[in-house]
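Heads up, the thing below is written out as structure tokens.
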Amino acid sequence: QAARRNSTAEWQAQDLAHHLHPFTDQHALPGHGVRVIARAEGTYLFDSDGRRLLDAFAGLWCVNLGYGRKELAKVAYDQMIELPYYNTFFKTTTPPAAELSKILADITPKGLDRVFYGLSGSDANDTIARMARHYWNLMGKKTKKTIIGRHNGYHGSTMAAASMGGMTYMHAIADLPLPGFVHIQQPYWYGEGGDLSPAEFGRKAAKALEDKILELGPENCAAFVGEPIQGAGGVIIPPETYWPEIQRICKQYDLLVIADEVICGFGRTGYWFASEHFKIEPDFMTLAKGLTSGYLPLSAVMVGKRVADVIAGDKGGEFNHGYTYSGHPVSCAVAIENIRLLREEGLVTRVHNETGPYLAKRLQELKDHPLVGEVRTLGFIGAIELVKDKAKRQFFKPVGEVGTICRDHCFANGLVMRATRDTMLLSPPLLWTAAHVDEFMELTRKALDLTL
Ligand code: PLP
């Protein structure tokens with residue numbers, strides 16, 4: 001242990017020489033070196049030099065239960081001894097995969113009663129892209145192929161998931177989107193709403209879906225995909241008028257609705273699923289991250305009755321798709337225990353009734369800061385948007401530079417936040433109490449003052 005603690009420089013050198021990092025400018029690494037996060041407890045991270053950091057980001061929107069939960073480690077250990085692996089192909093299952101399927105059917109919104117497992121949010125969205133096409137093919141509507149997403153939406157990094165997403169910088173590196181994936185305006189009122197009220201803008205952003213469907217022809221449109229709240233895009237919480245209108249349009253033109261709850265699920269918004277809050281009635285729901293609190297990789301595609309009855313019905317045939325690790329027994333066992341603990345400790349209810357509202361109230365105080373244009377939260381997902389001139393709602397140029405500076409000040413002061421453009425994002429473990437929120441506020445204000 002002592003030797004390991006002393007080798008930060010060695011790890012940095014090994015990493016720099018051999019490790020290609022996700023979403024990283026590799027060439028820029030040598031100047032700064034990489035941070036080595038060595039251990040964690042509760043909501044605190046410790047780097048390899050023993051420095052303590054308050055994690056306001058739950059790892060990467062995923063460690064909902066917090067770090068160091070021995071119950072999860074024990075369940076994983078026991079399951080590895082009992083049955084470390086078996087596949088779920090060829091008419092077999094395992095006890096954890098079967099049991100988790102029943103639990104997920106019970107806790108997700110009504111009608112989502114079937115589940116298909118993967119290992120990441122990205123592969124789950126790829127599964128949905130294939131399943132949606134398979135469904136329409138079986139229905140004899142073979143031209144219904146196009147999936148409509150939003151600019152600045154994020155659905156993962158595989159070819160289909162990145163095509164569903166609307167991140168142009170991701171498309172640029174590999175000539176995406178693939179054919180059959182298009183994008184409409186995002187419901188980002190603060191940045192794109194102009195003079196419209198949030199309610200008016202919500203309707204306008206939803207109308208973009210109808211316009212796109214009419215442009216393409218409803219007979220060519222398979223599905224609409226959206227995160228209830230865009231996470232990686234900057235915690236964009238749509239106006240209340242948005243989702244009901246999206247739902248109505250999808251019904252009118254017969255499109256499947258895909259709610260990507262990879263970030264929003266498992267209590268993040270103070271609801272088990274954000275679809276409950278926004279009254280979305282999805283045909284598919286994508287789950288990952290908080291499903292295991294990030295302790296092991298696992299994703300789940302929840303499939304609604306309409307689709308399940310067809311693909312698992314008498315004319316469904318073989319669904320030729322799957323992963324070696326679909327329904328991995330150790331990941332499923334950890335997910336079962338994770339959900340049990342979230343329930344037993346009442347963390348989702350606490351975020352909804354107490355800690356979420358307290359965080360929202362305290363964040364509002366930041367609006368007096370000269371840099372802060374808008375704050376937005378729902379439960380334990382939030383954003384602090386930094387602007388050059390708040391009266392004129394004028395953004396910094398180049399976009400992202402100030403957010404990056406603020407993020408570095410956060411880090412230097414013992415706080416981990418993420419910056420997207422010039423928006424500071426937070427997504428803490430659900431275990432935060434009022435005292436954690438107070439600590440967060442103090443560190444954040446300090447970082448904002450230093451950024452001025
Ligand atoms: N969907 C959403 C909404 C996400 O935020 C993410 C990841 O952040 C993904 C999908 C992709 O998940 P993964 O990184 O596990 O592939």
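What follows draws every value from the coordinates through simple rules; no lab data is involved. Computed from a prediction, not measured in an experiment: that's the story for all the values here. Cβ placement follows ideal geometry from the backbone for every residue including glycine, while neighbour counts extend to all protein chains displayed.
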Report summary line: Heads up, the stretch 132-276 by the C-alpha gyration tensor (a ≥ b ≥ c square roots of eigenvalues; a/c under 1.5 rounded, else a/b over b/c prolate, else oblate) looks rounded
Report summary line: Footprinting proxy, Met441, Met417: sorted fewest to most Cβ within 10 Å, the residues are Met441, Met417
Query raised in the report: Which of the trypsin sites (Lys or Arg not before Pro) across the stretch 104-184 are loop residues per DSSP, with 12 or fewer other Cβ within 10 Å?
Result: Lys110, Lys142
Query raised in the report: Which chymotrypsin sites (Phe, Trp or Tyr not before Pro) from the stretch 267-365 combine a DSSP loop assignment with at most 16 other Cβ atoms within 10 Å?
Result: Phe319
Report summary line: For Lys390, the lysines lying under 27 Å Cα to Cα, once residues fewer than eight places off in the same chain are dropped, come out as Lys204, Lys361, Lys367, Lys446
Query raised in the report: What order do you get for 53-66, 367-380 when each peptide is scored by the mean count of other beta carbon atoms within 10 Å, highest first?
Result: 53-66, 367-380
Query raised in the report: Could you work out the helix-only [θ] at 222 nm for the chain, with each DSSP H run of four or more residues adding -39,500 (n - 2.57) and the total divided by the number of residues, to the nearest 500 deg cm²/dmol?
Result: -12000 deg cm²/dmol
Query - Antiparallel bridges, percent of DSSP beta bridges restricted to the stretch 72-344 (to nearest 5) - result: 45
Query raised in the report: Using the Cα atoms as the points, what is the convex hull volume per residue of the stretch 300-452 in Å³?
Result: 201
Query raised in the report: For the stretch 183-261 and the stretch 72-138, what is the separation of their C-alpha centers, rounded to whole Å?
Result: 28
Report summary line: Residues whose modelled amide H sits under 5 Å from the amide H of Ala300, counting only those 5 or more places away in sequence or on another chain, are Gly118, Leu287, Ala288
Query raised in the report: Tell me which lysines have Cα within less than 20 Å of Lys142's Cα, excluding those fewer than 8 residues away on the same chain?
Result: Lys212, Lys251, Lys315
Query - Whole-Å distance, taken between Cα centres, linking the stretch 409-451 and the stretch 353-389 - result: 11
Query raised in the report: Taking square-rooted eigenvalues a ≥ b ≥ c of the alpha carbon gyration tensor, is the stretch 290-347 rounded, prolate or oblate, where a/c under 1.5 means rounded and, failing that, a/b exceeding b/c means prolate?
Result: oblate
Report summary line: Kirkwood Rh over alpha-carbon pairs of the chain plugged into Stokes-Einstein at 25 °C, 0.890 mPa s gives a D in µm²/s of 107
Report task. Work out, in µm²/s and without decimals, the Stokes-Einstein translational diffusion coefficient of the stretch 33-179 at 10 °C, 1.306 mPa s, Rh from Kirkwood over C-alpha pairs. Result -> 83
Report task. Take Phe23, Phe89, Phe395, Phe266 and order them by how many other Cβ atoms sit within 10 Å, fewest up front. Result -> Phe23, Phe89, Phe395, Phe266
